[in-house]
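Just below is one structure, and these are the notes that go with it.
The values are calculated or read from the model by the stated rules, or taken from the named source; none is laboratory data. For clarity, every value in this text was computed on a predicted model and none was experimentally measured. Cβ placement follows ideal geometry from the backbone for every residue including glycine, while neighbour counts extend to all protein chains displayed.
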Amino acid sequence: MGSLMESGSISDSAVLMARVHPDADGGVELANVPPGLMLEVRTRNHTYTIIPQPSGKAMIWGHPELCPEPIEVAEVGSTAGGYVVREGYLCPDMKLVFRHNDRPVKTSRIVGVRARKQQ
């Protein structure tokens, strides 16, 4: 099984991830994702695709019931598990959090984040 950091060749993956400026923990600020790239966020249970929008909102999909098709959400971030959410930041070992239909959604832990070109 390939690494989550692969998006074609290893050099392509490294170049794309370098463009989103991940921190030492592999975390990514959504504001650092340049136009034309999207994030693939794999949790223990599902794989989500997230496209940050210039407005600060994001398009997200990947949950078979909540968002099987792209939906626009105003809040996307991550949490270590408590009530504190770091909005606009996604990091492995934290839980993906977003708001859908005025309801907060907290996923299983993130196991990897990778950047991909939008298709």
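Here is how the numbers come out for the structure above:
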item	result
In the stretch 105-119, residue nearest to residue 34 (Cα to Cα) [restricted to those that are out of contact with any helix residue (DSSP H, G or I) (no Cβ under 9 Å at 6 or more places or on another chain) and at pLDDT below 90]	118
Odd one out for residue 12, checked against (1) assigned to a loop (DSSP other than H, G, I, E, B); (2) modelled with pLDDT under 90; (3) of a type in the set (Asp, Glu)	(1)
Restricting the stretch 36-45 to residues that are at pLDDT 95 or above and part of a strand (DSSP E or B), the residue that is surrounded by the most Cβ atoms within 10 Å (Cβ to Cβ)	41
Residue 48, sole failed condition from (1) modelled with pLDDT under 90; (2) touching a His at 6+ places or on another chain (Cβ under 9 Å); (3) crowded, with 18+ Cβ neighbours inside 10 Å	(1)
Near pairs, Cβ below 7 angstrom, 6+ apart or cross-chain, from the stretch 51-76 (closer than 13 Å to residue 99 by Cα) to any residue that is exposed (fewer than 11 other Cβ atoms within 10 Å of the Cβ)	61/68; 61/69
Total residues in the stretch 77-86, condition β-branched (Val, Ile, Thr), part of a loop (DSSP other than H, G, I, E, B) and touching a residue at least 12 places away in the same chain (Cβ under 8 Å)	1
Filtered residues of the stretch 51-69 (kept if surrounded by fewer than 18 Cβ atoms within 10 Å (Cβ to Cβ) and either aliphatic (A, V, I, L, M) or in a loop (DSSP other than H, G, I, E, B) (or both))	53, 54, 55, 56, 57, 59, 64, 65, 66, 68, 69
